[in-house]
Amino acid sequence: MYKTIFFILLFGNIMLADFKTMSTKDVQTEISKGTILIDIRREDEWKKYGIIENSHRLTFFDGYGKYDINKWMEEFIKIVKTKDQKFILVCAHANRTKTVGEFLSTQLRYQNVYELDGGINYGWIDKGLKTIK
């Protein structure tokens, strides 16, 4: 079911609802409040660049751009328990988070979907902030 919806979102001609982009400073504030971070990059990216401390690792796209939406959602709902719970998506440059965030916001009606502006590379590491491996 999710796979069909996601396919339509990626390739259909539907209007996308906006979800929110959050600055590095705002993400730091949210981290101090305990807001959930979900890093959707691949394992090789986590190993190479590290992750923001306390991030949940939940790969969405594989190295070929493929995904298993049903499997991903099974894990996602263990992390984000309700549709109004705030969470922040993180990827390398904030490209994948836009696709996944729009899907969660528009199609599945999650209400507090955010992404780190610039992703971990431009929104975190390039600002001199540390990651853990």
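Results for (1) among the polar types (S, T, N, Q); (2) without any contact (Cβ under 8 Å) to a residue 60 or more places away in the chain, shown as yes or no for each residue.
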residue: Phe19; (1), (2): no, no
residue: Met22; (1), (2): no, no
residue: Ser32; (1), (2): yes, yes
residue: Ile36; (1), (2): no, yes
residue: Lys48; (1), (2): no, yes
residue: Glu53; (1), (2): no, no
residue: Leu58; (1), (2): no, yes
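Which members of segment 51-83 meet the condition of being hydrophobic (A, V, I, L, M, F, W, C) and more than 26 Å from Tyr122 (Cβ to Cβ)?
Ile69, Met73, Ile77
Results for (1) closer than 21 Å to Gly34 by Cα; (2) of a type in the set (Gly, Ala, Ser); (3) touching a Gly at 6+ places or on another chain (Cβ under 9 Å), shown as yes or no for each residue.
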residue: Phe60; (1), (2), (3): no, no, no
residue: Ile79; (1), (2), (3): yes, no, no
residue: Gln85; (1), (2), (3): yes, no, no
residue: Thr99; (1), (2), (3): no, no, no
residue: Val113; (1), (2), (3): yes, no, yes
residue: Asp126; (1), (2), (3): no, no, yes
residue: Ile132; (1), (2), (3): yes, no, yes
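Scan segment 116-131 and give yes if some residue there is in contact with a helix residue (DSSP H, G or I) (Cβ under 7 Å, 6 or more places away or on another chain) and of a type in the set (Phe, Trp, Tyr), otherwise no.
Yes, the conditions are met somewhere in segment 116-131.
Do we find that Leu9 is aliphatic (A, V, I, L, M), modelled with pLDDT of 95 or more and not in a loop (DSSP other than H, G, I, E, B) in this structure?
no
With touching an Asp or Glu at 6+ places or on another chain (Cβ under 8 Å) and of a type in the set (D, E, K, R) as the only criterion, which of Lys86, Lys78, Lys133, Lys71 stands out?
Lys86
Is it the case, given these coordinates, that Lys3 is loosely packed, with under 12 Cβ neighbours inside 10 Å, outside any strand (DSSP E or B) and either modelled with pLDDT of 95 or more or in contact with a helix residue (DSSP H, G or I) (Cβ under 8 Å, 6 or more places away or on another chain) (or both)?
No: the conditions fail for Lys3.
The values are calculated or read from the model by the stated rules, or taken from the named source; none is laboratory data. Computed from a prediction, not measured in an experiment: that's the story for all the values here. Positions of Cβ are backbone-derived with ideal geometry, glycine not excepted, and every protein chain shown enters the neighbour counts.
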